[in-house]
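Below you'll find the structure, written out as structure tokens, and then a few comments.
The values are calculated or read from the model by the stated rules, or taken from the named source; none is laboratory data. Computed from a prediction, not measured in an experiment: that's the story for all the values here. All Cβ positions, glycine included, derive from the backbone under ideal geometry; neighbour counts span all protein chains shown. Keep in mind that these areas ignore ligands, DNA and RNA; they rest on the heavy atoms of the full protein, side chains included. Shrake-Rupley method; radii C 1.70, N 1.55, O 1.52, S 1.80 Å.
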Amino acid sequence: MKEVAEIVILDIKPYSESSLWICFFSKEHGLQNGIIKGGKKKKVKPLVLGLYEASFYRWSNSGLQNINGIERSVPLESIFNSPVKILIAFFVAESTKSFLNSGVEDHSFFFFLKEKVLLLNNENHLKEFPIHFLSELITYSGHKPLKSNDRKPNHFDITTGVFNPKEVSSKTFKNKDVVRCFYSVFYGPSILKPGIEHLVFDLLLEYSEYHLSGFDSKKSVEIIRETLYG
């Protein structure tokens, strides 16, 4: 029986002379892998972080789906016509895939991810997007740092997620300007001072790698640093 589901594509690889392997996420079925038969020759080409309506025949429980075809569910020209946004899309997709591979089964995550794709399509402040994406992914995971009782947090402990910890450790970050910007992206109003965005981004990465099981964005993160924060 034919089934149609909206999907977000997270990874694409050649499978044969004419077909493509994709990793995708859908509201109905979560994280899946699939083969688009003749995908290399179809008019609509799959793109990483693209939103599509995918047609399936005989949904399989084996973990590898046969996809008859895909159609764009939302036009995302602003992303795919921008080399910088394409790089960010790969970073978002890679981060999302590693997060989901850790065993996330909440299918409502699809709406979270779709919202981020649409935001990227309309985003103009590209230096800020990876920072806000990571902070919102951390919040969604339930690992949001503990709110500080101090008006001006100066230190942050990566392992405990505590601002201005009573005991300083080797994982206590002490650059107060970065810590305050880091605090602001979680608790607002968001204040990202020019020139230190890369430091806030790196702090978010380190925190994510410590608290989000399986989190990995190493393939794309260096390109993001060079392109946005170099």
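Points worth noting:
- When the stretch 37-58 is filtered for residues that are within 23 Å of PHE109 (Cβ to Cβ) and either exposed (fewer than 15 other Cβ atoms within 10 Å of the Cβ) or modelled with pLDDT of 90 or more (or both), the ones remaining, listed by number, are PRO46, LEU47, VAL48, LEU49, GLY50, LEU51, TYR52, GLU53, ALA54, SER55.
- In the stretch 172-230, the qualifying residues are those that are assigned to a loop (DSSP other than H, G, I, E, B) and charged (D, E, K, R), and the one that is surrounded by the fewest Cβ atoms within 10 Å (Cβ to Cβ) is LYS174.
- Of all residues in the stretch 48-75, those satisfying the criterion of being aliphatic (A, V, I, L, M) and either touching a Gly at 6+ places or on another chain (Cβ under 6 Å) or over 15 Å from LEU118 (Cβ atoms) (or both) are VAL48, ALA54, LEU64, ILE67, ILE70.
- For the stretch 66-123, a residue qualifies if it is among the polar types (S, T, N, Q), free of Cβ contacts under 8 Å to residues at least 24 places away in the same chain and either open to solvent by 50 Å² or more (accessible area, probe 1.4 Å) or assigned to a helix (DSSP H, G or I) (or both), and exactly one does: ASN81.
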